[in-house]
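One structure is given below, encoded as structure tokens.
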Amino acid sequence: MIIGENMSGRLLLTRLSRGMKSLFSLLRPHTRTETCLFFASLLFFYSYLFAFLYLRNDALGYALMGYDTMSNSFQFYFPYVHCWHLRHPLMAMFSLPLSCIRWVIAQLGSDPGWVIYTLPVPVFSAFSNLLVFKLLRSQMVSRRISLLMVVMFSGFAHVILLSWQYESFPFSMFLLLLFTLYIVKKGGDTCQDNILFALIAGITSTNLLKFCAGILIAVKGLGQGLLRILGSPWLFCILMVLPALQLVLASIRHGNFWGHFITNATGYSFKETDTLSALWDNFLCEPIMFHNLGRIFYDESVIHNVGAFCSVMSPYTSSLIPLLVITIYVAVAVSWIVFRKTLLVRLFLSFLLIDLFILLILGYGKNEAQLFCMHWFFCIPISVGMLLQRVSKTLTGGVILAIFSVISLSSITYNTYHYYDSLINPALTDNYEHQLKILRGKANVQTITDVRLFLFGMGDRPKLLYRDKKLRDIEKDSVILDLSSAEKDVILPDQYKVVAYCENGDSTVIYEDEKAVWIRKGNEDSIIAGSDNPIVLPSFEGFRYSQVLRVLHQEILFNIKDSCLYPNIFAYGSVWLRDAAMGAMVLEKTGNLSLIRKWTDGMTDIYDSQNNEREGDNIGEFLYLKSLSSGGVSHGDMLRLNEEINFRKTSSSDGVYIRGMTDGADNDFYATAWLKYALSRNPVAIDVYSFPPMGGVQVSLLVCPGTLL
């Protein structure tokens, strides 16, 4: 009995081994062209991954590495422990080898984290390119046209995007391509059927429908097809024993069988999403050409917004992009009409119709329809390639071939540009912490002590400090509001607001707006005495770091005291013209010049004499600030400025400029630049100055003739 069981086990392993070898034979490169194509594709896809790892340095990578399957990456050390998903039932098992490698590396050094899962993905994407080439060649398409179609396919938006992400999609594309080649090559071995069924259904459960459709299309006779399908899922069932046990144990432990069975799959059925937008913009267009610009990477903050993936094409792209996409789909439609009786086209139609049914009829995942492209859109280059081969020997065929050569080059250039742009300038939500995190990732950040405080009192309002649940008047050193009894407090810098929550659920809000500083208790708002001085607070809508700009703008307004603009009212006892002039530029843009008008009207000193130094850049800064005053630059100011400029004027073969110390060092360029800028704002000034030779760039400003100099 034992001998019989051992022989059965060996026979099973032998058949599985032979089945895998046969599939590997289908997959591996057989010619020099295929070998070169595979390694070129490997290099191509890894370039995008390494660009991501190098450029996307804002610590958001974990959320971007396939938010669906990677959300449980920390559990991959222990597959099937609260990690079983109906959508991807065996993903954890396939991840186990990578998790073991990750564990070993973590023991030897530091944990590589999610990066370890992304590293093998470009290999599968490179094999997908190879399979596209093999399928084209199986239809007697020339090597030249086949390579062109692989180039076009490689340049598609979501091939680039998903070619290195540890998600079900790139694996699904690879396996469906392998299955398609298997069917085209008349594969019919039961063991190989079981292997393919287990892999395809294990990666993405809905693709078992595509497997069944492929078998029924390939086999003559419905009865024979059904028998073959019934003989295919046994290996999958064996592999599912452990997940099924985990499911039962989890259900017994938590008493929620359905919740553990389906996890959050039903949460992805957004039937309220517009069907036409989902079909055209997301399902058909964006997989080929990025048009949802700025949202190329669907990070965690975007994912949590229902419908955030849906986009409309026209606001983001020129008319050429839809035209390019339409040209591609017209070629696909014509190809399918011409080759409608071929096995390959019938397979492609079944794949597409199954996804359309799932997405548009059932509504499952309709708001992220573009991500499902990997289940079907490899049919595009293959179908177009078959059509190009049919017309290749005609004059029209030469023109069409040239058009698709341009399309291939355009798509790979356009999509690569936007891919890199999204890495360098990632999409931002209106969340302040999110924007700040990305901005800090782009700069060298100095670690400072984390002190929780917030400042109220923009413009000529009382300067107030919120800290340790108390609101203090800084100048009077008095407590205005004591919230020590509050259970917790939340500081919202970009909203100019602090919220304190009590145990009974009541809250107290301190906030500042364009009218005043307020305290809200319940439904009643009261103004803090003396704070009702109007200011302008723009939202900075349309700017990339809008919320960060709101906070930086608040810092400038807070440092206005007695109409003077200080670098920092806590650290400086007098105004510095350099900082004041730069701050005034902001006030001018935001409509807040009235806050410092009293000071600029009364300015008389050209130099701020900080560090006992008469700095050359103060001349231009003073002239600029005076131009903002009610009366502009007076005749007396002109005379004194003329005298100071002549004192510092330097003439050389390269032109005329002024000498100047700035912050303890010679910087004639900076001093001259400020003067030229100030003169450019005066309609009666003549600018005769050039930047010093060391400045590198000669700039001339066009101003009207006048009598100042």
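The values are calculated or read from the model by the stated rules, or taken from the named source; none is laboratory data. Quick caveat, the model's predicted, so the values are computed rather than measured. Cβ placement follows ideal geometry from the backbone for every residue including glycine, while neighbour counts extend to all protein chains displayed. Remember, those area values only see protein heavy atoms, side chains included, never the ligands or the DNA or RNA. Shrake-Rupley method; radii C 1.70, N 1.55, O 1.52, S 1.80 Å.
Give me the pairs: first residue in segment 579-601 and without any contact (Cβ under 8 Å) to a residue 40 or more places away in the chain and within 20 Å of Glu615 (Cβ to Cβ), second residue in a helix (DSSP H, G or I) and not charged (D, E, K, R), beta-carbon distance under 6 Å, and six or more apart or on different chains, which are they?
Correct list of pairs: Gly583/Ile556; Thr600/Leu625.
Output the qualifying pairs, or none if there are none: Cβ atoms under 6 angstrom, residues six or more apart or on different chains, first residue in segment 503-520 and under 12 Å from Leu471 (Cα atoms) and free of Cβ contacts under 8 Å to residues at least 24 places away in the same chain, second residue basic (Lys, Arg) and surrounded by 17 or more Cβ atoms within 10 Å (Cβ to Cβ).
From segment 503-520, the pairs are Tyr511/Lys497.
With over 30 Å from Gln495 (Cβ atoms), open to solvent by 70 Å² or more (accessible area, probe 1.4 Å) and not in a helix (DSSP H, G or I) as the only criterion, which of Arg346, Arg340 stands out?
None of the other options fit; the residue is Arg340.
Name the strands (runs of 3 or more DSSP E) wholly inside segment 453-563 in which the number of residues that are closer than 18 Å to Asn592 by Cα is 1 or more.
The qualifying strands (runs of 3 or more DSSP E) are 453-456, 507-512, 517-521.
Can you give me the ranges of the helices (runs of 4 or more DSSP H) entirely in segment 167-252 with at least 3 residues that are under 37 Å from the mean Cα position of the chain (by Cα)?
Result: 168-184, 190-203, 208-218.
Could you grab the pairs with beta carbons closer than 9 Å, sequence gap of 6+ or different chains, first residue in segment 318-337 and without any contact (Cβ under 8 Å) to a residue 12 or more places away in the chain and under 16 Å from Ala157 (Cβ atoms), second one of a type in the set (Ser, Thr, Tyr) and surrounded by fewer than 20 Cβ atoms within 10 Å (Cβ to Cβ)?
Leu320/Ser410
Among the residues of segment 377-405, which ones are in contact with a Phe, Trp or Tyr (Cβ under 7 Å, 6 or more places away or on another chain) and without any contact (Cβ under 8 Å) to a residue 40 or more places away in the chain?
none
Determine which single condition Ser485 fails, assuming it passes every other condition in (1) free of Cβ contacts under 8 Å to residues at least 12 places away in the same chain; (2) open to solvent by 60 Å² or more (accessible area, probe 1.4 Å).
(1) is the only condition that Ser485 fails.
For segment 409-426, indicate whether the set of residues that are farther than 30 Å from Tyr545 by Cα, open to solvent by less than 10 Å² (accessible area, probe 1.4 Å), touching a residue at least 40 places away in the same chain (Cβ under 8 Å) and in a helix (DSSP H, G or I) is non-empty.
no
Which condition number in (1) touching a Gly at 6+ places or on another chain (Cβ under 6 Å); (2) over 30 Å from His291 (Cβ atoms); (3) open to solvent by 10 Å² or more (accessible area, probe 1.4 Å) is the one that Leu395 fails?
It is condition (1) that Leu395 fails.
Inside segment 57-155, counting only helices (runs of 4 or more DSSP H) that do not spill past its ends, which hold 2 or more residues that are at pLDDT 75 or above, closer than 30 Å to Leu37 by Cα and of a type outside the set (Gly, Ala, Ser)?
Once the helices (runs of 4 or more DSSP H) in segment 57-155 are filtered for at least 2 residues that are at pLDDT 75 or above, closer than 30 Å to Leu37 by Cα and of a type outside the set (Gly, Ala, Ser), what remains is 91-108, 115-118, 121-138, 143-154.
Based on this model, can you work out whether Phe171 counts as farther than 20 Å from Ile354 by Cα and modelled with pLDDT of 90 or more?
No.
Take the residues of segment 651-691 that are assigned to a strand (DSSP E or B) and touching a Leu at 6+ places or on another chain (Cβ under 7 Å): which is modelled with the highest pLDDT?
Filtering first and then ranking leaves Ile658.
I'm told Ala331 meets every condition in (1) within 29 Å of Leu49 (Cα to Cα); (2) surrounded by 16 or more Cβ atoms within 10 Å (Cβ to Cβ); (3) at pLDDT 70 or above except one. Can you identify the failing condition by its number?
The failed condition is (1).
Taking the conditions exactly as written (in a loop (DSSP other than H, G, I, E, B), among the polar types (S, T, N, Q) and surrounded by fewer than 15 Cβ atoms within 10 Å (Cβ to Cβ)), does Ser574 satisfy them or not?
For Ser574, the condition - in a loop (DSSP other than H, G, I, E, B), among the polar types (S, T, N, Q) and surrounded by fewer than 15 Cβ atoms within 10 Å (Cβ to Cβ) - is met.
Considering each residue of segment 520-542, count those that are surrounded by 17 or more Cβ atoms within 10 Å (Cβ to Cβ) and out of contact with any Gly (no Cβ under 8 Å at 6 or more places or on another chain), and give that number.
So the answer is 3.
Results for (1) farther than 27 Å from Tyr166 by Cα; (2) of a type in the set (Gly, Ala, Ser); (3) at pLDDT 95 or above; (4) open to solvent by less than 40 Å² (accessible area, probe 1.4 Å), shown as yes or no for each residue.
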| residue | (1), (2), (3), (4) |
| --- | --- |
| Phe351 | no, no, no, yes |
| Gln370 | no, no, no, yes |
| His375 | no, no, no, yes |
| Ile403 | yes, no, no, no |
| Asn431 | no, no, no, no |
| Ile438 | no, no, no, yes |
